[in-house]
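Report on the following structure.
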Amino acid sequence: MSKVLVLGAGISGHTAALYLKKILGKKHDVIVVSPNSNYQWVPSNIWVGVGLMEPNEVKFKLAPVYKKQGIIYKQALAKSIHPEGGGETDKPFVKISYVEEAKQGEEEVVEFDYLVNGTGPALNFAGTPGLGPDLFTNSVCTYDHAAHSWKNLEVSLTKMENGEHQTFLIGTGHPMATCQGAAFEYALNIAFEVDKRNLSHLADIIWITNEYELGDFGMGGAYIKRGGYITPTKVFTESVLAEYGIRWIKRAGVQKVEEGKAFYELLDGTYHEQEFDFAMLIPGFTGSKMKAFDKADNDITDKIFVPNGMMRVDADYTPKPYEEWKASDWPEIYQSPEYDFMYASGIAFAPPHTMSKPMKSANGTPITPTPPRTGMPSGVIGKVVAQNISYRIKTGKKDHPHKASMTKQAAACIVSAGYGFTKGQAATMTVSPIVPDWEKYPKYGRDINATVGVIGLAGHWMKLFMHYMFIYKAKAKFGWSIIPE
Amino acid sequence: MANIQERLQNKPYAEYAYATRPSKMTLFWRRCLIKQIYMFFKLNLKIMIMVVKGHS
């Protein structure tokens, strides 16, 4: 019997755990360690942030799902990995610390044969002084952050109903933040809700971003075939913002936030301030703060993780200039190069480099989006890692028949731009592959026929449809595995 | 989006004044139920095919 330990129960970790149990069955143990008692469908947090959904509609309890599936679940935080064992055991293990009420603070050693690190991002609000829901800005990164944002947004809307002008600042809160897409759809939803209440004459909505050009979205932008032209996503994004009456500040690295004021540096090296009444700024992401130790208890964290805490996998991490980046730099099977029984999936794996061209301000500050890994690639990677581990367990072989490089995978992103069955709309964007491959597609970096950017009511229906479909899938209800990631 | 759009358009030489904007016909098609029902199925099918092709 093999033991597979999955750290994290977000989109990637949860997907991996469900597939592992489905393929391996009762003969093998699948153990999930996650500090969160709930699964959350992150893409719908936007609607919680504008008061159109309750947190309960985007989350559910993990324990009953895992119990039904026969997955062992420990509500705990992983503290350290010991891939060579240690003390009295030669078996690899992870030290965990329980966070559930009944066992709070209790520590445990969980042995494993295979490990999937799906710990997702740690929200590094501390990386920007003054940032975060405990200080001066809001967030939609989790359902409770989004609910808190809605409370504050409601205050602004009430002030506007009483004739008071309000400035909304939405975007990235760190020079190297990612997840522009989520912030972008929050800005559009605020504009939609303000307009719905006939208050737009009292609103100044500003999009602030670390992108070199709008529409970069941390993936180096894309090209879309539309209206007889091949247009960059810059044109598409600027058009949407202008339509929604949102002005923008680009090439901006937010350095610090005080009450009602954000301080930022531009790529040209100049420093500026922007006042606001309501701000939602995405923080920088880091990996989890896990440590790693060898058999003799020496710290080997640097061997397993890159400095920001994300896990090294089968990528080429050799530093090289942008012009020399290749599709083959990106990982295919997400396996640790040091310990072949350890894998990282979703946001937990360390990308070899950014997708956007690295930029530095005249003062030397890096102002570049880091690579996004949205729900779709995270789910696909989780599934592929589960399939490969199951294959190894069942056959005893060491090869990996399943691959999911982000230079071959496509991704779809549906950006909500207003909620309503007949009045809502969303921008549906697809790119293939996610990471531009300039060798295979020398003209546009991607398959131009697979790249789509359309706005309309259908997009809203799709986002709503996906909300219900993916929550159904995540609850592992009848037929869940035939629903694609 | 009419109110906000008009406000921004009244500021020539601002960066956003150079952005393309949808025509009335484009806005109509975006909410036309017949076209959007067709787009719903077309886009869903496209995404499903992309997901299946994206990993082995």
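Of note:
- Residue in segment A:68-89 that is among the hydroxyl-bearing types (Ser, Thr, Tyr), farther than 21 Å from residue A:485 by Cβ and either in contact with a Pro (Cβ under 6 Å, 6 or more places away or on another chain) or surrounded by fewer than 22 Cβ atoms within 10 Å (Cβ to Cβ) (or both) present: yes
- Total residues in segment A:169-211, condition within 14 Å of another protein chain (Cβ to nearest Cβ) and of a type in the set (Phe, Trp, Tyr): 2
- Against the criterion of being modelled with pLDDT under 95, part of a helix (DSSP H, G or I) and out of contact with any His (no Cβ under 9 Å at 6 or more places or on another chain), residue A:191 does not qualify.
- Residue A:48 buried (at least 18 other Cβ atoms within 10 Å of the Cβ), touching a Pro at 6+ places or on another chain (Cβ under 7 Å), touching a residue at least 60 places away in the same chain (Cβ under 8 Å) and farther than 30 Å from residue A:396 by Cβ: yes
- A count restricted to segment B:34-52 and to residues that are more than 7 Å from chain A (Cβ to nearest Cβ) and more than 16 Å from residue A:465 (Cβ to Cβ) stands at 3.
- Scan of segment A:461-471 for residues that are more than 8 Å from chain B (Cβ to nearest Cβ) and touching a Phe, Trp or Tyr at 6+ places or on another chain (Cβ under 7 Å), ordered by number: A:467, A:470, A:471
- Residue in segment A:4-21 that is part of a loop (DSSP other than H, G, I, E, B), touching an Asp or Glu at 6+ places or on another chain (Cβ under 8 Å) and of a type outside the set (D, E, K, R) present: no
- Restricting A:410, A:450 to those that are surrounded by fewer than 21 Cβ atoms within 10 Å (Cβ to Cβ), facing another protein chain (nearest Cβ under 8 Å) and among the small types (Gly, Ala, Ser) reduces the list to A:450.
- Residue within segment A:98-105 that is crowded, with 18+ Cβ neighbours inside 10 Å and in contact (Cβ under 8 Å) with a residue 60 or more places away in the chain present: no
- Some residue of segment A:290-307 being of a type in the set (Phe, Trp, Tyr), in contact with a Pro (Cβ under 6 Å, 6 or more places away or on another chain) and farther than 25 Å from residue A:437 by Cα: no
- Of all residues making up segment A:413-433, the number that are facing chain B (nearest Cβ under 9 Å) and at positive phi: 1
- Count - residues of segment A:239-285 that are away from every other protein chain (no Cβ under 13 Å) and either in a loop (DSSP other than H, G, I, E, B) or at positive phi (or both): 9
The values are calculated or read from the model by the stated rules, or taken from the named source; none is laboratory data. From a predicted model like this one, the values you see are computed outputs, not experimental measurements. Because the Cβ atoms are built from the backbone with ideal geometry, glycine has one as well, and the counts that use them run over all protein chains shown.
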